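Some notes on the structure that comes next.
The values are calculated or read from the model by the stated rules, or taken from the named source; none is laboratory data. Treat the numbers as computed from the prediction; the structure is a model and nothing was measured. Heads up, the Cβs are rebuilt from the backbone with ideal geometry, glycines too, and the neighbour counts pull from every protein chain shown.
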Amino acid sequence: ELNFAQNHSETGVYPSEEPGPCNLDLDPLETITQTYIHSIICAFGLIGNLLVIVTYIFYKRTKTMTDVFLFNVALADLLFVVALPLIIYNEQHSWAMGSVSCKILQGVYSINLYSGMLLLACISGDRYVAIVLARRFFGAHSNTLIYSRLVCSVVWMFAVALSLPTVIFTERFEEENLGVQIVTCQLCINHNETVKVMKVLVPTLQVAIGFLLPLLVMVFCYSKIICTLLRAQSSQRHKAVRVVLAVVVVFIICHLPYNTTLLTHTLVLFKERGCEAERMRLKVLAVTRSIAYLHCCLNPILYAFIGVRFRSHFRQILQDLWCLGKKYISGRSSRGTSDLSISGQKATNGFNISQPHSSFSA
């Protein structure tokens with residue numbers, strides 16, 4: 001959800017139960033709570049997605065279409081968790097980094113949203129082909145890496161194209177509220193009809209392409225995969241079914257509340273509504289948005305660390321880091337010991353033992 005949803009100067013009149021303008025700002029406690037939650041999301045998202053990227057670059061190598069998709073999902077999530085602290089800082093400090101950062105950061109979020117969700121749909125489609133259509137397409141994917149990289153390129157270009165309205169029309173916007181100058185980063189267009197279209201079009205595209213389309217693809221593909229696994233005579237089928245169900249359930253839990261709230265907010269955007277109801281709607285929007293952000297931390301666990309081979313590579317990373325740490329510490333200690341012995345020899349050579357009381361002479 002982009003911050004232009006809070007631009008109440010162009011989205012209808014709020015009949016307030018209180019005298020004076022309607023104050024839609026979050027209270028300090030909610031702001032602090034959101035900051036802590038987003039900081040935790042950034043930390044875990046950074047660690048998890050960096051591990052996925054390091055594993056694919058130095059240990060596992062990309063061999064299948066799913067590997068390429070997972071690598072790009074980790075890149076998209078890493079892009080988001082790096083930008084999130086800057087977004088939080090600017091929101092709390094009146095976009096002190098200026099109009100350019102406003103455009104770039106909101107554009108980065110939008111690109112991550114579309115690319116990440118569409119890549120998850122691509123992963124479900126690839127698994128559908130590999131499991132459900134295994135016999136029909138057996139031996140037909142000799143150029144899987146080329147196809148997967150082409151698909152990823154198309155996804156990233158599509159995400160950039162869908163994010164262009166956000167980058168072009170988002171501006172650092174200043175307005176007066178209760179005698180206080182408020183600075184936000186939101187859609188700011190001179191033509192009133194254009195801004196109305198954009199304020200409806202951007203959230204609608206986000207819900208339709210960033211949530212509903214991937215959800216439909218995932219439900220279709222994974223339902224077929226579950227049916228195929230249940231028919232298979234394999235001791236691992238129940239575990240595989242649980243993993244598939246976990247992927248779909250976590251996706252729905254993280255994104256359904258937020259997208260439902262965003263869609264509701266968009267539908268009433270130009271209608272007259274009460275100040276208190278609008279405050280509550282924005283609070284729910286902020287809470288559900290934080291829940292949606294959690295998905296970038298869960299993606300490495302759901303799509304990568306569940307795999308046995310990936311876990312073995314992860315353990316290898318930890319072992320290598322442990323060995324490097326031990327070598328560094330032993331190297332420091334050995335250098336310290338040698339420096340101590342050298343300095344001791346210098347002190348001994350500089351001290352005249354033939355005159356033991358010379359240093360205490362008055």
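Among the residues of region 101-131, write down those that are of a type in the set (Val, Ile, Thr) and modelled with pLDDT of 85 or more. Walk me through it before giving the result.
Going through region 101-131, the residues of a type in the set (Val, Ile, Thr) turn out to be 104, 108, 111, 123, 129, 131.
Passing the criteria: Ile104, Val108, Ile111, Ile123, Val129.
Please go through region 269-283 and pick out each residue that is without any contact (Cβ under 8 Å) to a residue 60 or more places away in the chain and surrounded by fewer than 16 Cβ atoms within 10 Å (Cβ to Cβ). So that I can check it myself, show each step before the final result.
Here is the first cut: in region 269-283, the ones without any contact (Cβ under 8 Å) to a residue 60 or more places away in the chain are 277, 280-281.
Hits for region 269-283 are Ala277, Met280.
Go over the candidates Tyr56, Tyr14, Tyr89, Tyr36 one by one and state the one that is modelled with pLDDT under 80 and either closer than 23 Å to Ser290 by Cα or of a type outside the set (A, V, I, L, M) (or both).
That would be Tyr14, the only listed residue that is modelled with pLDDT under 80 and either closer than 23 Å to Ser290 by Cα or of a type outside the set (A, V, I, L, M) (or both).
Within the group Leu50, Leu24, Leu29, which residue is at pLDDT below 85, assigned to a helix (DSSP H, G or I) and of a type outside the set (Val, Ile, Thr)? Break it down stepwise before answering.
Working: Leu50 fails: at pLDDT below 85; Leu24 fails: assigned to a helix (DSSP H, G or I).
Leu29 is the lone residue from the list that is at pLDDT below 85, assigned to a helix (DSSP H, G or I) and of a type outside the set (Val, Ile, Thr).
Limited to region 64-99, what total is found for residues that are of a type in the set (S, T, N, Q) and either at positive phi or outside any helix (DSSP H, G or I) (or both)? Write out each step before concluding.
Start the filter on region 64-99 by keeping residues that are of a type in the set (S, T, N, Q), which leaves 64, 66, 72, 90, 92, 94, 99.
Now restrict to residues that are either at positive phi or outside any helix (DSSP H, G or I) (or both): 64, 94.
Final tally of qualifying residues: 2.
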